[in-house]
Amino acid sequence: MSRITVRAFLMLAILPATIFAQTEGLRPMRGLRQTSYWEQNWPWLTAVIAVGTIALIALVVWLARRKPATKQLTPAEEARLRLGEAADLADGQDDKAFSTTVSDALRVFMERAFSLRAPEQTTEEFLQSAQSSGRLPEASLQTLARFLELCDLAKFAQQSFGDEERLQLLNTARNFVDEAGRPATAEPKETAAT
């Protein structure tokens, strides 16, 4: 080996030792570093955060899928709604569909308001049970009889109505619901007083 390489080797070997000797040496230990709260409890904290996140997601999904509470319609409100649907058909030429919708609205109203099995009965059976129930005044029964007979003519005899007749039939049904709805709510008060 040449002299230069030996000198370079010695310098490289001695240099770190001289630098280390010039410093104070190794620093003494300052003490152990205390572990943080997270380092001590990370398994439990991770589990709590995971369960909380899953519960929050489940709550959001449940609230999104939950249907809002629907208000229960009174028999008269439901009948008016159905008669509104029939009014849409009044402008058209389908008298059978119009008559069926209007008469079904009244029959469902009678079933809900007076506990009469109206939709399953023929017109004659329905009128007899309405009369024998004693819940409707005679004038309302006569109006109902005329109304249902006209509806039956359109449904079964293919009778056609003019625009004025359809409107009159619809107004008769609305008036009947209004008139019949009053005694249905007033009747329990009268029976309770006697």
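The values are calculated or read from the model by the stated rules, or taken from the named source; none is laboratory data. Only a predicted model underlies this, so the values are computations on that prediction, with no experimental measurement involved. Every residue, glycine among them, receives a Cβ derived from its backbone with ideal geometry; neighbour counts consider all protein chains shown. Just so you know, the surface numbers come from the protein's heavy atoms only, side chains and all, with ligands and any DNA or RNA stripped out. Shrake-Rupley method; radii C 1.70, N 1.55, O 1.52, S 1.80 Å.
Ranking request for peptides 95-107, 136-148, 158-170: highest mean number of other beta-carbon atoms within 10 Å first, then the rest in descending order.
Ranked by mean Cβ neighbours within 10 Å, highest first: 95-107, 136-148, 158-170.
Near L73, within a Cβ-to-Cβ distance under 15 Å, what is the net charge of the other residues, with Lys and Arg +1 and Asp and Glu -1?
Details: positive: K71, R80, R82, R112; negative: E77, E78, E85, E111.
Taking every Cβ under 15 Å from that of L73, the sum is 0.
Compute the distance in nm between two label points, each set 7 Å from the Cα along the Cα-to-Cβ direction, one at T100 and one at A58.
Those two pseudo-labels are separated by 4.8 nm.
Rolling a 1.4 Å sphere over the protein heavy atoms, what is the accessible area per residue of the stretch 53-131, to the nearest Å²?
Values: 5140 Å² over 79 residues.
Here the per-residue accessible area is 65 Å².
Based on the Cβ-Cβ distance of I49 and T70, what FRET efficiency does E = 1/(1 + (r/R0)^6) give at R0 = 35 Å, to the nearest 0.05? Mind dumping the intermediate values first?
Numbers: r = 38 Å, r/R0 = 1.08.
Efficiency at R0 = 35 Å is approximately 0.40.
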